[in-house]
Amino acid sequence: MRSYARKYIEGKEFSQDDLIPIVILFLGSNGGRALKQYVEKEMYDLLREEFNKDLYHEKVANASVPRWKHDIAWARERAKQMHGFIKSAKESGRGNWELTSKGMAYFDQLKKELKENLKEKT
């Protein structure tokens, strides 16, 4: 399931917005739905080199979570509110992250772009 996300991050530096497509790729590769803890674990494993930096283990103000978890949650919230890619907790259940039909369409677009980029490299 990490294969699309791994291809997406090749050669990139990350902002919080860059995490949005990675969240979408993990959810889409998991049938469009996953537990929050699963997404966090998979993204941490994928981005271990970046997330092992001290900055990402600092607790975020007004929260008792490390920055890496906060950044993932922020990306999910932004994908939900600004782009309509992820359903609300009311729709999918607390702790469940689920793509909307728009989110699935974006997942399909990301996969297509990655496949085209792979063809261009070969």
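What follows draws every value from the coordinates through simple rules; no lab data is involved. A quick note: this is a predicted structure, and the numbers were derived from the prediction, not measured. Cβ placement follows ideal geometry from the backbone for every residue including glycine, while neighbour counts extend to all protein chains displayed.
Size descriptors for the range 40-101: radius of gyration and Dmax over Cα atoms are 12.9, 37 Å.
In plain terms, the chain from ALA89 to LYS115 could stretch by 6.2 nm, reckoned as 0.36 nm per residue minus the Cα-Cα distance. Applying the criteria of a DSSP loop state and at most 15 other Cβ atoms within 10 Å to the trypsin sites (Lys or Arg not before Pro) of the range 55-101 yields ARG94. Normalised by the number of residues in the chain, the mean separation of alpha-carbon contacts (under 8 Å, six or more apart) gives a relative contact order of 31 percent. For VAL60, the residues whose modelled amide H falls within less than 5 Å of its own, excluding neighbours fewer than 5 places apart on the same chain, are VAL65, ARG67. Peptides 38-50, 105-117 ranked from most to least packed by the mean count of surrounding Cβ atoms within 10 Å: 38-50, 105-117. Membrane-span-like helices in the chain (whole DSSP H runs, Cα extent of at least 18 Å along the helix axis, mean Kyte-Doolittle hydropathy of at least -1.0): none found. Here the chain is treated with +1 on each Lys and Arg Cβ and -1 on each Asp and Glu Cβ, and its dipole about the Cα centre works out to around 420 debye. Extension gain for the segment GLN81 to LEU55, taken as residue separation times 0.36 nm less the Cα-Cα distance, is 6.7 nm to one decimal. Within straight-line reach of LYS102, meaning a Cα separation under 17 Å, sit the following lysines at least 8 residues removed in sequence or on another chain: LYS80, LYS87, LYS111, LYS112.
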